[in-house]
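Notes follow once the structure below has been shown.
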């Protein structure tokens, strides 16, 4: 999925689970949206990869795209580190954002292996990254996000 699709999907998840923000909505949504793109640090051509080229290049060299950074090991690892150092709101923002990335990527043709490097739970979908269907999904999620925000106001 493209970065923009990850953002609108994570935002929808954030709206649904915003009660976990414990009043710190800005921190929660900031971390949610950052971590929604973070697993793609393993791709030097991604939004994050282009911003932090040297780190992305090293990560890609060591782990390849859609490897460990696209697994539940990464999701739980980064989330528990956030909890350990900063508390529950950070945990939920990181957890939901990075998990939403994995869920969205599991619908793509390339799919992901949730327990990488173990291949026993690999999901592949039907959506071509940056294809017409993803375009439709992006706008559908965007409209849902806007409608929910209007409804909450």
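Summed over the range 1-28, the residues that are over 21 Å from residue 143 (Cα atoms) and outside any helix (DSSP H, G or I) give a count of 3.
Against the definition (in a loop (DSSP other than H, G, I, E, B), touching a residue at least 60 places away in the same chain (Cβ under 8 Å) and more than 22 Å from residue 23 (Cα to Cα)), how does residue 130 come out, yes or no?
Criteria met by residue 130.
Of all the listed residues (39, 44), the sole one being part of a loop (DSSP other than H, G, I, E, B) and crowded, with 16+ Cβ neighbours inside 10 Å is 44.
Answer yes or no: is there a residue in the range 100-107 that is over 26 Å from residue 15 (Cα atoms), within 15 Å of the chain's Cα centre (by Cα) and touching a residue at least 40 places away in the same chain (Cβ under 8 Å). No: the range 100-107 contains no residue that is over 26 Å from residue 15 (Cα atoms), within 15 Å of the chain's Cα centre (by Cα) and touching a residue at least 40 places away in the same chain (Cβ under 8 Å).
When the test is whether a residue is at pLDDT 95 or above, closer than 23 Å to residue 124 by Cα, more than 10 Å from the chain's Cα centre (by Cα) and in a helix (DSSP H, G or I), residue 31 does not pass it. Return yes or no: is residue 98 within 13 Å of residue 6 (Cβ to Cβ) and either at pLDDT 95 or above or in contact with a strand residue (DSSP E or B) (Cβ under 8 Å, 6 or more places away or on another chain) (or both)? The answer is yes for residue 98.
Tally up the residues in the range 49-77 that are buried (at least 20 other Cβ atoms within 10 Å of the Cβ), in contact (Cβ under 8 Å) with a residue 24 or more places away in the chain and assigned to a helix (DSSP H, G or I), please.
Looking only at that region, the number is 4.
The values are calculated or read from the model by the stated rules, or taken from the named source; none is laboratory data. Keep in mind that what you see is a predicted model, and the values were worked out from it rather than measured. Note that we place each Cβ from the backbone using ideal geometry, even for glycine, and neighbour counts take in every protein chain shown.
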